[in-house]
Structure formats: C-alpha cells, structure tokens
Amino acid sequence: MTVTISQVIRWKQERRAIAALTAWDYLSAQLVDTAGVDIVLVGDSLAMPVLGYDTTIPLTLDEIMHHAKAVRRGISEALMVVDLPFLSYQVSPEQALANAGKVMKETGAQAVKLEGGQPAMVASVARLTQIGIPVMGHVGLTPQSVHQFGGFRKQGKTSEEAERILQEAQSLERAGAFAIVLEHIPTDVAKTITQAVDIPTIGIGAGPHCDGQVLVTSDLWGLSTWQPPFAKPLVDLRSQAIQAAQQFCSQIRQTD
C-alpha cells in the first residue's frame, strides 16, 4: 500500500517511527523503496554527491525535476517528497506556488519541501497548503543558507537560537506543514520541538527523540567522499565499487 500524508501524520500519534532516505535516480529509488522506507526524498543534497557541486545552491529547478521524474518511476510504495531548490520559492508566495505546482504536475511528487521558518517562508507554506499542495518544512541547519551560517554548522546551540528554531517549527505547523525536518541541532532542542508540535519531526543529526529519521543515501551507503559527523555509513560501497572496477581493468589488460 502506498504511503500517504495522513498516514505519516497518524504515525506520530501512534509512536511509530518514520524512516526516510534520499534517492536521485531510478535505481537508487528502486533500492530504497524495496527496502521499505516510508518517505523517499529527492533532496537538493543530490547537488553535491551526484552532480559535483560544492553546495546545494547551484542546483536548478530543471535539474532536480529531471532526477525526480526518474525517482518517481522507481517508487511503488513510499511517499515521494521533492525539495525546491535555492531561489525557486524564496522570492514570493506566488513564485513558490508556480514552482511547487510545476514539480507536482510534472514529476508525480506527492509533496514538496521548503527550507526555513521565517515569516516569508511561512507565508509561502500557507499559500501552498491552502490550495492543496502538501509541504514538508525544514529548520535548524538549512543547507541553502550555508554561506549565511559560515559553513555546515550545528544550529540551536544557544538558548536564543533554540527558541527561534522552536518558534519557526510552530509557525510552520500553523501554516499547514505536514512534517518538519530538524537538521543538525542539539538533541534536547529536537526533543522539545517534537513534543511541542502535533506533526511529525524528521531528524537528521538531531538525536533520537524525533518522530523519524532521514539520511542522504550516498552517506548511508558509504559512497560519498565525505560524510557529516552525524552520518555513519552502514556499508562501504565506494571501496567495493572501486575494487570491482580495478579487478575488471586488471582482467582485460592481462596478456597471455
């Protein structure tokens, strides 16, 4: 049975943990969907391990839609959520509506994800949800603001920052978001937010008290050359793939 938005919300009340992973093409989508994940996120994180950018900022709407269409063809059960890239939604609620609608219509996504909980972002989330576009929020470390943060640094370490992130999460809930990603914030802050909102929190580097967890799949599989401190690979596919390719090269270069 295909996972639905209402199911994800209900799982919080049932205390049923939510598992989410990213995918970037047909094959990766097939693998994580077959594994039984609840949510497949076509994250703008694909900008770095898949497309080779230094940050997520250069990723375009056309690029993520190209990947999302392939991911959609590989999913049969999981809920598919697509990130809106940098500057494809921040200008105005009307811009957010136009681009979120394009993503939903052309990729088959069941929801979109926006970063930030500032008033301008909250207004865009409210605009989208009012017309029936499901939105997943994202607070804490928001990678599209990496230059403003001075790097991929943990957020919410001071009481002022923690209170701001809590207020952002609550504002996103009031605006109609069905779930919120909490990225790279202290465990106690994530616990407080999770208890304060009635929608699921999906943690990434935010400790064990969130309603679910998400990881960038290339980090989980050990494919990336670098992983954030909170991502622990469960397998080293990078080394295995290189060894297999080396073995192939050696075999074909052998002479009698």
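The values are calculated or read from the model by the stated rules, or taken from the named source; none is laboratory data. Given the structure is predicted, the values throughout are model-derived calculations rather than measurements. Please note: Cβ atoms are built from the backbone with ideal geometry, for glycine as well, and neighbour counts cover all protein chains shown.
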- Note on the structure: Exactly one of GLU173, GLU183 is under 20 Å from PRO143 (Cβ atoms) and surrounded by 19 or more Cβ atoms within 10 Å (Cβ to Cβ), and that one is GLU183
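Among the polar types (S, T, N, Q) and part of a loop (DSSP other than H, G, I, E, B): does that describe GLN227?
Against the criterion (among the polar types (S, T, N, Q) and part of a loop (DSSP other than H, G, I, E, B)), GLN227 qualifies.
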- For the range 109-139, how many residues meet the condition of being assigned to a helix (DSSP H, G or I), surrounded by fewer than 24 Cβ atoms within 10 Å (Cβ to Cβ) and of a type in the set (Val, Ile, Thr)? 2
- Residue pairs qualifying under the 9 Å Cβ cut-off, at least six apart or on distinct chains, with the first in the range 207-224 being on the phi > 0 side of the Ramachandran plot and the second being buried (at least 24 other Cβ atoms within 10 Å of the Cβ) and part of a strand (DSSP E or B), are GLY207/LEU182
- Note on the structure: Exactly one of GLU77, GLU63 is farther than 20 Å from VAL181 by Cα and surrounded by fewer than 16 Cβ atoms within 10 Å (Cβ to Cβ), and that residue is GLU77
- Task: Considering each residue of the range 5-29, count those that are outside any loop (DSSP other than H, G, I, E, B), surrounded by fewer than 16 Cβ atoms within 10 Å (Cβ to Cβ) and out of contact with any strand residue (DSSP E or B) (no Cβ under 9 Å at 6 or more places or on another chain), and give that number.
- Result: 5
- Task: Considering each residue of the range 198-247, count those that are over 22 Å from VAL37 (Cα atoms) and either modelled with pLDDT under 95 or touching a Pro at 6+ places or on another chain (Cβ under 9 Å) (or both), and give that number.
- Result: 3
- Task: Consider ARG72 carefully, then state whether it is among the basic types (Lys, Arg) and either at pLDDT below 95 or surrounded by 17 or more Cβ atoms within 10 Å (Cβ to Cβ) (or both).
- Result: yes
